[in-house]
1. Count the lysine pairs in the stretch 200-336 whose Cα atoms lie under 20 Å apart, taking only pairs 8 or more positions apart in sequence or on different chains.
2. If you place +1 on the Cβ of every Lys and Arg, -1 on the Cβ of every Asp and Glu, and leave all else neutral, what size is the dipole of the chain about its Cα centre, to the nearest 20 Debye?
3. What angle do you read, to the nearest 10 degrees and between 0 and 90, between the alpha-carbon axis of helix 325-335 and the longest principal axis of the chain?
4. Compute the FRET efficiency between GLU80 and MET253 as 1/(1 + (r/R0)^6), taking r as their Cβ-Cβ distance and R0 = 45 Å, and round to the nearest 0.05.
5. Could you work out the relative contact order of the chain? I mean the mean sequence separation of Cα pairs under 8 Å and 6+ apart, divided by the number of residues, in percent.
6. Could you work out which residue, out of PHE322, PHE248, PHE81, moves most in a Gaussian network model of the chain, that is, has the largest mean-square fluctuation with Cα springs under 10 Å?
7. Pick out which of LEU205, LEU267, LEU103 has the largest mean-square fluctuation in a Gaussian network model of the chain, springs linking Cα atoms closer than 10 Å.
8. Convert each backbone phi in the stretch 238-246 into a coupling constant with the Karplus relation 6.51 cos²θ - 1.76 cosθ + 1.60 (shift: θ = phi - 60°), then list the ³J(HN,Hα) values in order as whole Hz, x for Gly and Pro.
Amino acid sequence: MNPEEKHIISLEDISIGYHGYDELITQVNAGIRKGEMVALIGKNGSGKSTLLRTIAALKKPANGKVLIENRVNTTIPEQEFAKILSFVETGTTIVENLTVYELVSIGRHPYTNWWGRIKERDHNKILEAIGFVGMNNFSNVPVNRLSDGERQRVMIARALAQETKLLLLDEPTAFLDLPNKFEIINVLHRLKKSGKSVVFSTHDLETAFLFADKCWVIHENKIVHGGVEDLGIENVYGEIFKDSNIQFNEEEMKFIPNRVLKGEIYLHGNSESVLNWTKRAVIRLGYSINGNISSAYPEIKQESLAENNMWIVSFQGNTSKFTSLYDMTRHLTKIN
Ligand code: ADP
């Protein structure tokens, strides 16, 4: 991608907040290009929803402007705006007794006449949107019979039926189990590949790391933005929760609780998979792994033979053998 390529959304010196309260975000400049996927990250209450609503022209910024294709978003006529940008809000009230088809057809509103008559092209776009999110067999099912994951997919289909080049989604993966979460993210990723620009907010760095090109991180009333990994190198993720009792673990690419280090361990063995689980167990107990053997801390030798696993713990001249990590970790907490 040409770095000079114009931003399709530009935040120009914007500050947002609610009248009478301190501003949530001050003097921010950021942008997104065609076909990019941006993950908007920040603590609860940092202003993610408010920013998305501001981009969607549902709220005016306190200062600065949001440009969509070089035009101030709030000046674009409503009908025209609805053909450029669609927004899937969290907890959007949906009419429960509509079928999937009827709900998705609402997305055609910028194209249908005032009583909303569906023409053949609209019908095809509705079916295409339903197919895109993998809900073909649900067209006639009432929305109130769907699971949370299915519902979310239908809400995205409604936005797709709107045929916009920009899509905003507020916490699209909240409350979903892991397979559903990745299902949604895959849908978004395919959208991106089809040339749309997507901004989605999430608490979840794991999903952001897998698919986003860029992150906008709201931190201390500013937005730090950049390539997902560039921000990692700059320790931006570690900074977000620096005052909380958690820290960002770069190896695991996720936040983990702060722990007082209990000591070191020398770990070796013959099965990579079993060693990984062993490492996880001892880290959970608060140990760090040292690559060198020493009498100052315990040694764990892992041995796997056929289906049988064994852990041999040696410390201060005593050696004990275990056949499960559960027993081994219980022993470790007693001896050290
Ligand atoms: P996030 O999406 O990051 O959790 P929000 O944008 O929903 O954050 O909210 C940011 C802050 O603005 C919160 O402290 C919230 O209580 C406050 N807020 C949200 N809506 C309003 C409102 N209509 N009036 C005043 N304050 C609001």
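The values are calculated or read from the model by the stated rules, or taken from the named source; none is laboratory data. Everything quoted here is computed from the prediction, not taken from an experiment. Please note: Cβ atoms are built from the backbone with ideal geometry, for glycine as well, and neighbour counts cover all protein chains shown. SASA here: full protein model, heavy atoms, side chains in, ligands and nucleic acids out. Shrake-Rupley method; radii C 1.70, N 1.55, O 1.52, S 1.80 Å.
1. 14
2. Computed about the Cα centre, the dipole is about 540 debye.
3. Tilt of helix 325-335: around 60 degrees.
4. Once rounded, the FRET efficiency stands at 0.65.
5. On the way: 588 pairs, mean separation 54.8, N = 336.
Reported relative contact order: 16 percent.
6. Of the options given, PHE322 has the highest mean-square fluctuation.
7. Answer for the Gaussian network model of the chain: LEU267.
8. x, 6, 3, 10, 4, 8, 9, 8, 9
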